[in-house]
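Written below as structure tokens is the structure these notes are about.
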Amino acid sequence: MKYHIKLIGLLFILLANTVITKADNAIGTLSGKVTDKKDGSPIIGATISIPDLKTGTVTDANGNFVLNHLSKGIYLVQVSYVGYSTVSQRVDFSKTTELNIQLQASSIEAGEVVITGVSRATELKKSPIPMAAVGKAFIDQRSAAGNVIDMIANLPGVSAVTTGPNISKPFIHGLGYNRVITLMDGIRQEGQQWGDEHGVEVDQNSIDRVEVIKGPASLTYGSDAIGGVVNLISPPPVPEGTIAGSVMATYGTNEGLFNNSLRLQGNNNGLVWGTVLSAKEAKDYQNQHDGRVYATNYKEKDARLMVGLNKSWGYSYFNASLFDDQQAIPDGSRDSISRKFTKQITEDDAVRAIVPASELNSYNIPVLHQHVQLYRIYNNSNFILGNGANLFVNLGYQFSHRREFTHPEDADIAGLNLHLTTYTYDVKYNQAFGDGYETTFGVNGQYQNNTIGDATDFPIPAYHQFDIGPFAMLKKSFGKLDLSAGARYDSRSFNGQAAYIDTLSGKYPQLYTGGNTSAAGVIKQFDALNKTFSGFSGSFGATYNFTDEFLLKANISRGFRAPSIAELSANGPDPGSQIYHVGNSSFKPEFSVQEDIGAFLSLPNVSASVELFNNNIENYIYQQQVLNTDGSPAVNPAFPLYNIFTYTQSKARINGGEFSLDIHPTSWLHFENSLALTYGTNLGNGGKVADSLKYLPFIPPLHTHSELRGTFAKGLSSIKNIYAFVGFDHYSAQNRFFAAYGTETYTAGYNLLSAGLGGNLVNAAGKKIVELFIEGTNLANVNYQSNMSRLKYFDNQYTAPGVQRGIYNMGRNISFKVVVPFDLSAHAAATTATN
């Protein structure tokens, strides 16, 4: 910890000196006009952004724009508008002060820019690393999604393990949990990722963009990014001289969802600020097979505040946020005759009561529930050092408080009570050279401290963890060829604390803090643990643009992941997952080698892509159930309702690919098709692998998506940006599943129908008055179970023959979202007064 504090102090001194010495950077200005390429008409409300400077603006009623206080240098400028191809080009602000852009009407996004996994913004088509990115228009139209991960779970190669509509964990190419890092504005999200029954602690209403790295990203993000990265990006600053915001209200018919949010942002001479306040709640969701599914309701409150500076020396943004979620805990128990849901009412659980209809239809959170809170403070800074150099600094603090209330007769006593404090640091020095070279040197990592509060269940110990990883990257452009390479060395150290449990001092077990560990009723729960894991990771990739329409990408990367604290030291029940976890302190770190190759074609009326990957993993860690000698599930006598699961290691291979075909005969109509296929195979440790063990858990089945979409940017009269779509999703049966111990079972295939429409109501000056989004999911009201849903396995221990076990996914749902933007700027008030 003392080394971490010294490092943070050194960074702040460096930053202060940098600001003082570079505050007199020359200031540039960029102005211009954005027009329609076909008829030359001005495009009102087009977005001009410079991601590396975190600045941007929108065009006025004449299509004109002005950007002030720009640091002189070469930066990527992105110009975008709904219904048009995005234009991205590098501009030297020391030479260029005027930039006029013509946008081509199109239903595809050419020139998409990404910032994840690189030090400077780069065009997606130039990056050899497999990536996907979606912006605000995509997110707005996914109004039916219960959380931010569900919004992107249908992207090719991306899926989610779910426990109801508000709990989703991202999976990329069949890897998730501690193998995928979720970022918030580049700051890694930390909140007991090993757990099944809670999602990503981020307000979906505060996200304007999501970028996904599909494959090992250990090079820039260290351990736990062996499967990929999901970067959730908050709204960009509003234009200079603006105070604006919006009020959003969403209603979902299936679970009675109310999701409301207020957004307010300002920018005054480079002083930028913003806030997002949100609240949502829902009843138990329903389907035709189960009716309303007991204990899937939730209440969530969120707040976010940002204050920052945009100056000629760069930018520095300070962010603070609060996530507060109360979520019921389902267990799937039913009355054996009527199959109605029942609930636990006594500690011994000898008799269960049938849940009345009034409770199923209530917003009230039941006694058995979890309460997850995440407090986050972080800073993103980019200091421009001149001569093509930048210093990027991201520092973060998080406190995750996770409680599970599992005692029906003692509602205020937490079964699980974990406190996780995390400090993250990320420093990168980037140097661009005029002949196409770009180098990056950096170091990042984290310090964690996990403590156990007053509780009765103890699945993991208190521990300290420290990560550090220096790395270097090089990018070089040779005309049509773009090359990138990098290397990194990671070290992670664990210090787990021994712990004893007193089983006789009260009604429930509790941590023993006395000195006599041999006293009656005192048992050892955790051994002390001191482990250090280290490893090398790297990547090399190339992109070759044969023409503006056709390119090839290839990349090979080596990933590293240290075992999680649960995999090493777990020894206790987790009420939310109904599992007694047992760790293994002798584990080795995971290493992977993944090869990727992709071909991309973009013609005026057709776009297509093929991406293939192959990932071989050494020391792959997975859970297996402990069995008695007679083959029956083993249980801990103190927790007879929890089956014991331990962890094991083996070799594994995950391979597959994504295919897409987008036919757009006109600029406003397109027919989009995609296919994603992932295979996960357990290769064992040299011997024959039993049939029940030869497939990896939570591998998504073949998934195809087809969508017919019409987009009318110019709209009709006072209604602009009109869109409408009809979608069809096919999920094949999953017969390649981890069958051992009944962990997974066969999942039948199913088809889902969706549709949506929306548009913006504008005034005479072209400004938006109201935005409307309507989305329908599972419109055919199909009864189905996803193999990625944990609720598929929630039921009584024994059911009558012929009864389909488990809980089904959500039935038909129609979501209505209304957004009312407002502008409190002085120029807006003056315009209103004039009118």
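The values are calculated or read from the model by the stated rules, or taken from the named source; none is laboratory data. Since this is a predicted model, take the numbers as computed values, not measurements. Methodologically, a virtual Cβ is constructed for each residue, glycine included, from the backbone with ideal geometry; neighbour enumeration extends over all protein chains shown.
Residue by residue, here is whether (1) touching a residue at least 24 places away in the same chain (Cβ under 8 Å); (2) not in a strand (DSSP E or B) holds:
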{"position": "T629", "(1), (2)": "no, yes"}
{"position": "I644", "(1), (2)": "yes, no"}
{"position": "T648", "(1), (2)": "yes, no"}
{"position": "R653", "(1), (2)": "yes, no"}
{"position": "G657", "(1), (2)": "yes, no"}
{"position": "L661", "(1), (2)": "yes, no"}
{"position": "S667", "(1), (2)": "yes, yes"}
{"position": "F671", "(1), (2)": "yes, no"}
{"position": "S674", "(1), (2)": "yes, no"}
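Only residues that are more than 20 Å from P165 (Cα to Cα), assigned to a strand (DSSP E or B) and either over 29 Å from the mean Cα position of the chain (by Cα) or not β-branched (V, I, T) (or both) were counted in the stretch 344-377, giving 6.
Can you find, within the stretch 300-310, the residue that is farthest from D795 (Cα to Cα) among those that are crowded, with 19+ Cβ neighbours inside 10 Å and out of contact with any helix residue (DSSP H, G or I) (no Cβ under 6 Å at 6 or more places or on another chain)? Only one residue tops the list, namely N310.
Does A144 qualify as being aliphatic (A, V, I, L, M), part of a loop (DSSP other than H, G, I, E, B) and buried (at least 21 other Cβ atoms within 10 Å of the Cβ)? When the stated conditions are applied, A144 passes them.
Selection over the stretch 270-289 of residues that are out of contact with any strand residue (DSSP E or B) (no Cβ under 8 Å at 6 or more places or on another chain) and surrounded by 18 or more Cβ atoms within 10 Å (Cβ to Cβ) gives a count of 1.
The condition of being touching a strand residue (DSSP E or B) at 6+ places or on another chain (Cβ under 6 Å), under 23 Å from A562 (Cα atoms), modelled with pLDDT of 90 or more and surrounded by fewer than 17 Cβ atoms within 10 Å (Cβ to Cβ) holds for N614. Taken over the stretch 499-543, the criterion of being out of contact with any Leu (no Cβ under 9 Å at 6 or more places or on another chain) and closer than 30 Å to K475 by Cα is satisfied by F533, S534, G535, F536. Out of the residues in the stretch 579-602 that are modelled with pLDDT under 90 and either of a type in the set (A, V, I, L, M) or within 25 Å of the chain's Cα centre (by Cα) (or both), state the one that is nearest to Y793 (Cα to Cα). Filtering the stretch 579-602 for residues that are modelled with pLDDT under 90 and either of a type in the set (A, V, I, L, M) or within 25 Å of the chain's Cα centre (by Cα) (or both), the one nearest to Y793 (Cα to Cα) comes out as I579. Taking the stretch 234-257 as the range and being within 16 Å of T55 (Cβ to Cβ) and either among the hydrophobic types (A, V, I, L, M, F, W, C) or assigned to a loop (DSSP other than H, G, I, E, B) (or both) as the test, the residues that pass are S234, P235, P236, P237, V238, P239, E240, G241, A244.
For N783, are the conditions met, namely being in a loop (DSSP other than H, G, I, E, B) and crowded, with 20+ Cβ neighbours inside 10 Å? No, not satisfied.
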